[in-house]
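Inspection log for the structure reproduced underneath, given as structure tokens.
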Amino acid sequence: MFRRSVVKLAAAAAVIALGVGSATAQELPKLEPKDSYKVGFAQTESNNPWRIAQTKSMQDEAQKRGWQLVYTDAAGSAAKQVADVNSMIAQGVDAIFLAPREEKPLIPAVMAAKRAGIPVILLDRSVDPSLAEAGRDYVTFIGSDFIEEGRRAGEWLAQTTGGKAKIIELQGTTGSSPANDRAQGFAEAIKDHPEMEVVASQSGDFARDKGRQVAETLLQAHPDATAIYAHNDEMAVGAIAAVEAAGKVPGKDITIVSVDGTRDALQAIIDGKMGATVECSPFFGPVAYDTLVKYANGETIAPKIINEDRFFDASNAQELIAEAY
Ligand code: AHR
């Protein structure tokens, strides 16, 4: 014990002497290979089918492998999610899977886990890349390419409208990586279409009722709107109700496109109320735990592991709705 401390002190002194900062500040915590792990999953909220499907996938897969899962739900609060991660650290989990609600406020949670020697894998949402880095502060990010999702939604809308649309954009949670990236990808896709214009853009916080309320207000302010781009299906379904309340026909007067692939969205496509949705898969369990095992075994882990996503529209919604969530 004494000898180990002396060696550690000597190593720290050498690092300081070299002027390169603390060695541990640069290194990811290691994970010992084991038959079974006690892992944490810090969920951001549970108010939509996507989140419920993601949690179920994490729980089912843990149960299948005989792993212990410590699950927390931050109920839409970044502050609670930081506290949830701290509680997982105190409970001595082997690793933490974190779905960060917003890019910046979850940085302290990532760093606290690192300091405690617990590897973190980011699931579905990322953190600010200028403040934390894969391979240094957390193991990897597993999820969809949100910029590409926004781009695909924009390209579909350009094609469907012949490059002519006055668009209301319902943004996701302010400061979250999917809201930032889906806005960026969509803007890139429509920038070469001079007759496509985002007339209003506001956050509906990825929630159905908030999406409906925001869409109602924006439809009143912009009666000439011809399209709605929602950053997720829950807000798109809320927007359908808002369009109907405004006395307009969704899918005819207003073209609606969004992201996720929920059952309600696929049904809306079948009913002709929604045009298309870009898939964002919530089924993380198998890839999340496989990645952790590979990490424990010393394999090199890519800084980003990107899910393959499909595209749903009138051509395949009926065929695929049975597997939707
Ligand atoms: O981070 C993924 C997004 O978060 C999903 O599109 C949305 O439905 C969820 O709340």
Restricting the stretch 191-208 to residues that are within 24 Å of R51 (Cα to Cα) and of a type outside the set (S, T, N, Q), which is most open to solvent (accessible area, probe 1.4 Å)?
-> R208
Pair list, Cβ under 9 Å, 6 or more apart: the stretch 303-325 residue hydroxyl-bearing (S, T, Y), other residue open to solvent by 80 Å² or more (accessible area, probe 1.4 Å) = Y325/I52; Y325/K56; Y325/R263; Y325/F283
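One line per residue, one yes/no per condition, for (1) away from the ligand (no atom under 16 Å from the Cβ); (2) open to solvent by less than 60 Å² (accessible area, probe 1.4 Å); (3) part of a helix (DSSP H, G or I); (4) assigned by TED's automatic domain parsing to the domain that holds R151:
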| residue | (1), (2), (3), (4) |
| --- | --- |
| P178 | no, yes, yes, yes |
| L266 | no, yes, yes, yes |
| A288 | no, yes, yes, no |
| T291 | yes, yes, yes, no |
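Rundown of residues vs (1) within 16 Å of the ligand (Cβ to nearest atom); (2) in contact (Cβ under 8 Å) with a residue 40 or more places away in the chain, yes/no style:
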residue	(1), (2)
P194	no, no
F206	yes, yes
R212	yes, no
D224	no, yes
M235	yes, yes
V243	no, no
A246	no, no
V259	yes, yes
M274	yes, no
Residue that is open to solvent by 30 Å² or more (accessible area, probe 1.4 Å), outside any helix (DSSP H, G or I), at negative phi and within 16 Å of the ligand (Cβ to nearest atom), where the choices are P100, P105 | P105
For the stretch 124-145, indicate whether the set of residues that are in contact with a Gly (Cβ under 6 Å, 6 or more places away or on another chain) and more than 12 Å from the ligand (Cβ to nearest atom) is non-empty.
-> no
Kindly indicate the residue of the stretch 149-163 that is without any contact (Cβ under 8 Å) to a residue 60 or more places away in the chain and open to solvent by 40 Å² or more (accessible area, probe 1.4 Å) and also farthest from T300 (Cα to Cα) among those meeting that condition.
-> G162
Just wondering, is there one or more residues in the stretch 209-218 that are more than 16 Å from the chain's Cα centre (by Cα), more than 19 Å from K248 (Cα to Cα) and either aromatic (F, W, Y) or in a helix (DSSP H, G or I) (or both)?
-> yes
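The values are calculated or read from the model by the stated rules, or taken from the named source; none is laboratory data. If you're wondering where the values come from, they're calculated on a predicted model, not measured in any experiment. Cβ coordinates were reconstructed from backbone atoms using ideal geometry, including for glycine residues, and neighbour counts include every protein chain displayed. Remember, those area values only see protein heavy atoms, side chains included, never the ligands or the DNA or RNA. Shrake-Rupley method; radii C 1.70, N 1.55, O 1.52, S 1.80 Å.
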